[in-house]
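First comes the structure, then the notes that go with it.
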Amino acid sequence: MSGTSTAGPSAPSDPTESRAHVRGAELAYTDAGTGPLAVYAHGVTQSRASEAASGLFDWSPVVAAGRRLVRYDARGHGQSTGDPVPAQYTWPQLAEDLLALLDQLAGPSPVAGIGSSMGTGTLLHAAVAAPGRFDRLVLTAPPTAWATRAAQADLYRRGADLVETRGPALFAELAAGAPVPPVFADLPNYPPAPDVSEKLFPSVLRGAADSDLPSEQALATIDIPVLILPWAGDPGHPVSTAERLAALIDGAQLQVAETGAQLASWGALAADFLGPGGGAGGA
């Protein structure tokens, strides 16, 4: 893992925009707050900007609680660069990107991780590949996995074919026209608009199609505090995945959001769970 970040080891209270050279790509990230580091990894085809525009998440309570928070655009997403190579966007490879980024931002010190969907998959692969890199994990919207993954992978592959033949606008239109689970009823800008270039879009989707969570045996080795936050009513992120993760990871906490108010509380829940660092926070 190599590269040079444009930001130093400490961060000011106001968010700053930075870029890091990571494994042949440039990852754009926002750095806010001071204190022990927490890193946030977003979902597939999304970015820092698209999630902010949708109002889906507000992680500012994590900063207010005394954490430094880095939110980054995954390879090929948002303002980060990538190549039209599907293998670059599989979750194990995105996990290697994350680990390389953390080497630059935190050195050998353990950090806290927050993930959503693809970001949750990225975090789990990173935690399995590098025990000791994380001290706590908040896993939101765990995606389809294992037995339920094949159908979702087929959707991604068909989506990639659609983007290549008809362009990304139609893909976005179809996604926006899909039924909205009740938990998102209070979000007029849901779902977030895709934030991936037309050149990279098919490769990003095919990388997701070729991905799955780590094996159950590997996940059972995770021995740090974990908070799992699924939402209800979304077949792409079934509660069954979250329930299985909670069963596999010793001591994991599970809290399902069934209403918009419960979803809106995730920032505060994450802040309470992570605490200000140094082992504080929920057990």
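Here are a few things to note about the model shown:
- Cα gyration tensor category, rounded, prolate or oblate, for the range 70-194 with a/c compared to 1.5: prolate
- The range 62-116 versus the range 184-202: alpha-carbon centroid distance in Å: 19 Å
- Fully extended contour minus Cα-Cα distance, from ALA52 to ALA264, at 0.36 nm per residue: 75.0 nm
- Positive-end residue of PRO131, ILE222, GLY207, charge dipole of the chain with Cβ unit charges: PRO131
- Net charge dipole, the range 119-198: roughly 300 debye, given to the nearest 20, about the Cα centre with Cβ charges of +1 for Lys and Arg and -1 for Asp and Glu.
- Net dipole in debye of the range 11-126 [+1 Lys, Arg Cβ; -1 Asp, Glu Cβ; about Cα centre; nearest 20]: 140 debye
- Calculated FRET value between GLN217 and ALA151, using beta carbons and R₀ = 30 Å, to 0.05: 0.80
- Cα-only radius of gyration and Dmax that characterise the range 157-263, units Å: 16.7, 47
- Spacing of the two label points (7 Å from each Cα toward its C-beta) at SER60 and GLN79, in nm: 1.9 nm
- Over the chain, relative contact order from alpha-carbon pairs under 8 Å, at least 6 apart, %: 22 percent
- Estimated [θ] at 222 nm from DSSP helical runs (n ≥ 4, -39500 (n - 2.57)) normalised by residues in the chain, nearest 500: -10500 deg cm²/dmol
- Surface composition of the chain: carbon and sulfur atoms hold 55% of the protein heavy-atom accessible area at a 1.4 Å probe.
- Using the 1.4 Å probe convention, the accessible area of the chain works out to 40 Å² per residue with neighbouring protein chains retained.
- Shape category assigned to the range 200-243 from the gyration tensor of Cα positions, a/c cut at 1.5: oblate
- Using the Cβ of TRP146 as centre and a radius below 13 Å, the other residues enclosed give a net charge of -1, where K and R count +1 and D and E count -1.
- Within the range 47-198: Cβ-based charge dipole about Cα centre, in debye rounded to nearest 20 (Lys, Arg +1; Asp, Glu -1): 380 debye
- Sorted peptide list for 194-201, 158-165, criterion being average Cβ within 10 angstrom, highest first: 194-201, 158-165
- Sorted on the mean count of surrounding Cβ atoms within 10 Å across their residues, most packed first, peptides 247-257, 91-101 read 91-101, 247-257.
The values are calculated or read from the model by the stated rules, or taken from the named source; none is laboratory data. Worth saying up front: this structure is predicted, and the values here are computed from it rather than measured. FYI the Cβ positions are ideal-geometry reconstructions off the backbone, even for glycines, and counts take in every protein chain you see. The area values use the complete protein model at the heavy-atom level, side chains included, leaving out ligands, DNA and RNA. Shrake-Rupley method; radii C 1.70, N 1.55, O 1.52, S 1.80 Å.
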